[in-house]
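J.: Before I ask anything, let me first share the structure, which is written out below as C-alpha cells.
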2 protein chains.
Amino acid sequence: MAYNAPLKDMQFLLNEVFTAESMFSTMPATNEVTEDLMTAILEEAGKIAGKLLSPINQTGDKEGCSYRDGLVITPKGFREAYADYIEGGWSGLTGEPSYGGQGMPKVISALIEEMFFSANTSFCLYTVLTTGAALTINECASEKLKKIYLPKMYQGIWSGTMCLTESHAGTDLGMINTKAVPSEKDSYHISGTKIFITAGEHDLSENIVHLVLAKLPGAPAGPRGISLFLVPKILVNEDGSLGTRNNVVCGSIENKMGIKASATCVLHFQEATGFLIGELNNGLSNLFTMMNYERLSMGLQGNGLAESSYQIALEYASERLQGRAAKGPQLVDKEADPILVHPDVRRMLLTMKVNIIAGRALSLYSSFHLDISRLHPDEHVRERSKKLVSLLVPVQKAYCSDRGFEACVLGQQVLGGHGYAAEWGLEQNVRDARIAQIYEGANGIQALDLMGRKTVRTGGEQFNLLMKEMEEFLASQKDNIDMKPYLAKFFEVKLLLVETTKLVIEKSSNNPDEVGAASYPYMELMGLTLYCFMWQRIILSAIESKKRSTDTQDYYDGLIKNGRFFLDKLLPKSLSLGEEIKAGADSLMSVTADQF
Amino acid sequence: MAYNAPLKDMQFLLNEVFTAESMFSTMPATNEVTEDLMTAILEEAGKIAGKLLSPINQTGDKEGCSYRDGLVITPKGFREAYADYIEGGWSGLTGEPSYGGQGMPKVISALIEEMFFSANTSFCLYTVLTTGAALTINECASEKLKKIYLPKMYQGIWSGTMCLTESHAGTDLGMINTKAVPSEKDSYHISGTKIFITAGEHDLSENIVHLVLAKLPGAPAGPRGISLFLVPKILVNEDGSLGTRNNVVCGSIENKMGIKASATCVLHFQEATGFLIGELNNGLSNLFTMMNYERLSMGLQGNGLAESSYQIALEYASERLQGRAAKGPQLVDKEADPILVHPDVRRMLLTMKVNIIAGRALSLYSSFHLDISRLHPDEHVRERSKKLVSLLVPVQKAYCSDRGFEACVLGQQVLGGHGYAAEWGLEQNVRDARIAQIYEGANGIQALDLMGRKTVRTGGEQFNLLMKEMEEFLASQKDNIDMKPYLAKFFEVKLLLVETTKLVIEKSSNNPDEVGAASYPYMELMGLTLYCFMWQRIILSAIESKKRSTDTQDYYDGLIKNGRFFLDKLLPKSLSLGEEIKAGADSLMSVTADQF
C-alpha cells in the first residue's frame, strides 16, 4: 500500500496549533516562509514520498545493499530515485543560502523528513546524514572548506557521513584509537577503523564527505582529546573538480535486522588525508550542533514509521471482516463486521494515532525552538530556546522512537498473521523502527543525558524554563470553560514531574547512582507529560477551530475525542512511572554481579 | 554463544517452590516421577538444547526453508538433528503409554520445551505441533485411528499439524469454507485451502498427519457446524505401512519476519481422504484440549527466547567495557568498567530476569493444574484444576509471550548496535519471539477469552477459585515475620484485581463493549498479579532454603533481591492498568470510523 502524506494533520499542527507563519514573521531569516509556501512545499514533498520513495521501500528491503571489493551497490531503483530527489532540490532544503542552500527552517524539514522516513527509511538515511554533515561544516569549518564542500552537498551530488564509533568505543568515545598525524599543507593523516557508519559507502553520489573523530599524538586522554576531521572519499582539486581516491576503504557492510537498503559500513582509514574542522581537541563539542538535529531525526523516524504502519493497519481494520460487534451485527448483509468495531482493535489503533499526533507536535515544538535558537535576532530569546532544545531533544529522540516502535508493533498486531508475513510491509516497519531506539545514542543514554547533564547537573535550570511554558499555558486557560474537562489531568502530571525532579536532584547529592536509576522512567514521564502538553494545545485549537468551521467540524471533533482517549487511557502510565522513580536505586544496585 | 540450560533455576522452582515429587506422588499416573528422574531428564534435555539445537539456530534463520514444486526443504543440519532428536525418544515424552508414549507430566515437558524454544524456536515448532496433534488424536479419535497413528507420532517418524485458518477466516473460524463430503469406507473427501500452517510440509518426517477443520454440506452455520478430520499426507495401508500420496499439496510457504526455519505453509486439499475425529459438528470443542497445551507452548516460547536473550545480554554486559561507574572506577587498571555497573543496564537485565523467573513459575503452576486436571484420581480435584487451567492458560499465553518479546527487545538494547546486527543472535530472538504474541489466537483474543468467556460469562467462578488460592497463601503467611516486607504489595494488587473484576462484570451488563474495552489491560493486570503471586512463593522458598543452606546462601539471597526489584519497579504498573480499566469503553467507542 502506497504511503499517503497526512497533509491535513500536519497543516493543522503547523498553522492552527503552532501558528507557524506568524512565528516565522518575527525572524528576518524566515519572514518569507508563508503559509502558502509551506503548503506548496509539503504537498510536493508528499508526492515525492508517495510516488518516488514508497514504491522502492519493500523491494529495497528484500534486495538489501550488496558489497563487493570495497564497493556498495544500493538496491534496484535507488540510484534513479536519488537522481530525481536531488534534481528536485530536496538535498539543500535547509542549507545555508550563501552556499546554495534554500534556508528553510527545521520546522518544515521536520515534517518532510517524517514523510520520507514513512515512505522509505533506508533511502531517507542517505539524505539525513548529508544534511547533518553539511550543517556541521557550515557551523564549524573554515570558509575554504565550506566553499568547496557545501554547494555540492546541498546539490546532493556529494553526500556525507559521521564516523564516530569504533569496535571498542561506542557510547564512550573518549576511548577511540583513530589517529590524526599532522601532514603537509594544513592537512592530517587519518588512520583507524570506524564501524556502524551509515551511508559510509554507496553508489548514489559522486563523492562522500566523512566527518571523522580522531586523536592527535599526545592529545589529552578521554573526550577532551578528540578532534574532528573532514575526510573526503575522493580528494578534491583546487578548482573543485574530483581528484585522486583518498585512502578510505569500506571493509564490509553489516548484516542487520532492518534498514537493509541503508549501507552500514566498516571504514578503514589508512593515512587518509583529512582536514581539521573547528579547533583541535574540540571535536565533540563541534558535533553537538549536528547531534541535536540528527537526534531529532531519529525521533522523526519513529513517528514516520508509526504513521506508515497506522495507515496500513487502519485500512486493514476497516476492510477485514471477522466476528461481530458486541452490540450486534453492523453489516447485516455480510458474514461478519470489519474488525474496527472491536474495542481492543480500536485501543491499538487509537494508541498509535494519539502518540503519532503528539509525537509530531513535540517534534514541531522542538524544531521551532531549534529554529529560534539559530535564527532569532534577540540573543536572549536565542539562548532561552537553546536551553529548551537541550532538554527537549533527548526526550523527543528517545520517547518518539520508543512510541514509534511500539506503534509499529501494534500495527503489526492489528493484522495478526498478515502482520507477521512480509507482504503487507508491517514487519519491515517494526525492523526498521527498532534502530531508531539504538543509534545516535541509545535511548538509555538519552535518558541519562536528560536526567544527569541537563537536569541534575544544572539544578533544573532548563527544566524550570519548560515548566514555565506549561504554567503559562495553564494560566492562560484557567477561565476557559471549554478546556475544563482536560486541564486537571495535565496539572496533575506536571505536578508529579516537578515533584519527582526535585526528589531525584535531592537524592543524587548523596548517591550518584540515583541519577541512572531514575533516568529511564524519568525520561518516559517527561515524554508523557510533554505529549499531554501537546494534546492540551491540540484540544484547545480543535475546540476553537470547531467553533469557526462549518464543513470540517467532524475532523476537529475527532481530534478532541482522540485527546480524551490519550488522557483516559495513556496518561495513567504516569502513576507507575512516578512510583518507579521514587523506588530509587537500591533494588538495582544491591544485586551483586553473581546474583544476575 | 551456545545456550546453557538454566538447570539450577528450573530445579529450584520444581523441587523447592512447587515440591513436584510430593505432588506427583498423589497421582497413580505420575507416582514414579521422582526428583532423581526429573533431574536426569532435564540434564539430558539441556544437552540436546545446547549441543544439538542451538548450533543450527542462527544458520537455520539465515538459510530459511525453501520451497520447490510442492516440496519444502529445511535448512542444513535440521534433518540430522531431527533424526537424533527422535532417536533420543523426545517425541513421545508426554505420550500415552499404551501407544508407546512415555507418559511424562506436562510439568516436565514445559521445562524441556522452554529449553528447546530457547535453543532453536523454529526446530521446536516441528515437534510441538506433533505433540499437540497426537494429544488431540489420543483424546478424541477412535481406537482404530489411535492404533495406526499414535505410535509413529510418538516415535517422531510421522509429524503433525493443525489446519484451521483460511485466508478470510482466522479468529472467526465459523466462516471457514473447507468442505468435507462423506465418501466410502467411513472416510470423507476434504477440499479447500488452508493458510499459515506451521510445519504443513517439510522433509523431516516420513509422513505428516494433518488435523483439518471442515464443514459438511448442510452443516449448521458458524462455529457449530465445524468438524475435525485427520488427513494424512500419505495414506496408510491396513498393515500400517505407507500407501499412496493423498491429495494434499503445499502451494507455497510464507516469507515472514522470523521463525524462518519453520515452514509456514499454504495447503491445498483437493478431495483429500480424511477421517472424522470425534463427533460431527463438534470439531472446535475437540480442539480445546490441544489448544490449552499449544497455547501454553506459546507462552513457553516467549520465556525460552527471553532466557536465551538474557544469557547473551548478561555475558555482553559483564564483558563490554564502556564508561565508568557513577561512584568511581571499578576496574582501575582498565580503561573503562563493564557496563553492568550502570543502573540503567541493570534495570534492563533485571526486568528480563524477574519476568523470566515469574513466567517460568507461572508456566509450571499452569502445567501442574493441567496435569491434575487429566491425571488426578479425584474427579472433584480434576474439575477444580480444569477450571483454573481455563483461566490461567490465556493469561500465561498472552502475558508470557508479551513479556518474552519485551525481554528480547531489552536484551537487544543492552547490546546497542551489536544487538541490531545479526551476529549476536539477539535480533533473531526479537523476530522469533514476535510470532508468539500473534499465533494460536492473538493476544488480544486471549485477553477477550479471559475477560469475556472465562470471567464475565461465568460471573467470576474460575476467578474466585484463583483468588482463593491467593488468599490461602496470604493467610498461611500472615504470621511469618520474614515475609512481612513483601506481602503488603501482593495484598494490594490482588485487591485491585478483585475490585476491577467486579467493576467490569457490573458495567458489562449494561454495555457489552465494556468487556472488550477492559480486556487487554485486565489480562495484563491479571498477569502482573500472577507474577507477583509467583514471586511471593519464590521469596518464601528462598528465605526458607537460605536458612537451611550453607554453600548456596548467595544464590537464595539473589532471588530475594530479585523479588524486591519486581515489587519495587515492575509491580507499580498495576496502578496505571487499574486506571485504564476503570476508564471504560467510552473514549474507545465514541470515535466514528471517519475520526480514525
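J.: Please find the FRET efficiency linking residue B:29 to residue A:239, where r is the Cβ-Cβ separation and R0 is fixed at 60 Å, and quote it to the nearest 0.05. Write out the running numbers ahead of the final one.
T.: Numbers: r = 89 Å, r/R0 = 1.49.
With R0 = 60 Å, the Cβ-Cβ based efficiency is 0.10.
J.: Tell me the relative contact order for chain A as a rounded percent, counting alpha carbon contacts under 8 Å between residues six or more apart. It would help to have the intermediate numbers written out before the result.
T.: Values: 1053 pairs, mean separation 72.9, N = 596.
It rounds to 12 percent for chain A.
J.: How shielded is A:568-574 by partner chains, expressed as the average number of their Cβ atoms within 10 Å of its Cβ atoms? All intermediate terms of the calculation are to be shown ahead of the outcome.
T.: On the way: counts 8, 10, 2, 4, 10, 6, 3.
Whole-number average of other-chain Cβ neighbours for A:568-574 is 6.
J.: Also: Report the extension gain between residue B:554 and residue B:469 in nm, rounded to one decimal, defined as 0.36 nm multiplied by the number of residues separating them, less their alpha carbon distance. Show your work: numbers first, answer last.
T.: Values: separation 85, 0.36 × 85 = 30.60 nm, distance 3.01 nm.
Here the segment from residue B:554 to residue B:469 would lengthen by 27.6 nm.
J.: Nearest 10 degrees is fine. How inclined is helix A:283-319 to the longest principal axis of chain A, computing both from alpha carbons?
T.: 40
J.: For a Förster distance of 25 Å, can you work out the FRET efficiency between the beta-carbons of residue B:47 and residue B:288, rounded to the nearest 0.05?
T.: Working: r = 35 Å, r/R0 = 1.39.
With R0 = 25 Å, the Cβ-Cβ based efficiency is 0.10.
J.: Follow-up. How about segment B:179-279: which GluC sites (Glu not before Pro) there lie in a loop by DSSP and see at most 11 other Cβ atoms within 10 Å?
T.: Values: sites: B:184, B:201, B:206, B:238, B:254, B:271, B:279; in loops: B:184, B:201, B:206, B:238, B:254, B:279.
Taking segment B:179-279 and a limit of 11 other Cβ atoms within 10 Å, the loop GluC sites (Glu not before Pro) found are B:184, B:238.
J.: Another one. To the nearest Å, what is the center-to-center distance of segment A:144-187 and segment A:549-596, using C-alpha atoms only?
T.: 40
J.: Percent of Cα-Cα pairs per 10 Å bin, from 0 to the last occupied bin, for segment B:459-591, please list those.
T.: 12, 37, 28, 15, 6, 2, 0
J.: Right, something else. Would you mind giving the mean number of other chain beta-carbons within 10 Å of the Cβ of each residue in B:169-180, as a whole number?
T.: Per residue, the number of nearby Cβ atoms from other chains is 3 on average.
J.: So what does log10 I(q)/I(0) come out to for the protein assembly as shown at q = 0.06 Å⁻¹, using the Debye formula with one equal point on every Cα and no solvent?
T.: Once normalised to I(0) and log-transformed, intensities are -0.50.
J.: While we're on this one: Most exposed first by the Cβ proxy, i.e. fewest other Cβ within 10 Å, how do B:25, A:262 rank? Before the final figure, lay out each step's value.
T.: On the way: B:25 14, A:262 29.
By the 10 Å Cβ count, ascending, the order reads B:25, A:262.
J.: For B:202, A:380, B:376, which order do you get if you count the other beta carbons within 10 Å of each Cβ and list the fewest first? Walk me through the numbers before you get to the answer.
T.: Values: B:202 25, A:380 8, B:376 21.
Least crowded to most crowded, the residues run A:380, B:376, B:202.
J.: Please work out the Cα center distance from segment A:5-81 to segment B:465-513, rounded to the nearest Å.
T.: 52
J.: Looking at segment B:296-400, which chymotrypsin sites (Phe, Trp or Tyr not before Pro) are DSSP coil and have at most 14 other C-beta atoms within 10 Å of their C-beta?
T.: Details: sites: B:310, B:316, B:365, B:368, B:399; in loops: none.
Loop-located and lightly packed - none at all.
J.: Separation of segment B:215-275 and segment A:206-253 by C-alpha centroid, Å?
T.: 61
J.: Using only atoms on other chains, find how many Cβ atoms lie within 10 Å of each Cβ of peptide B:508-520 and report the average.
T.: So the per-residue partner count for this stretch is 4.
J.: Of the GluC sites (Glu not before Pro) in segment A:372-439, which ones lie in a loop per DSSP and count no more than 15 other C-beta atoms within 10 Å?
T.: Working: sites: A:379, A:383, A:406, A:423, A:427; in loops: A:423.
Counting only loop positions with at most 15 other Cβ atoms within 10 Å, the GluC sites (Glu not before Pro) in segment A:372-439 are A:423.
J.: What's the longest uninterrupted piece of chain A once you rule out the trypsin sites (Lys or Arg not before Pro) that are loop residues per DSSP with at most 14 other Cβ within 10 Å? Intermediate values should be presented prior to the final figure.
T.: Numbers: sites that count: A:76, A:185, A:327, A:334, A:457, A:478.
Longest gap between qualifying sites, sites excluded: A:186-326.
Only the coordinates and a few stated rules stand behind these numbers; no lab work does. Quantities reported herein were computed from a predicted structural model and do not represent experimental measurements. Heads up, the Cβs are rebuilt from the backbone with ideal geometry, glycines too, and the neighbour counts pull from every protein chain shown.
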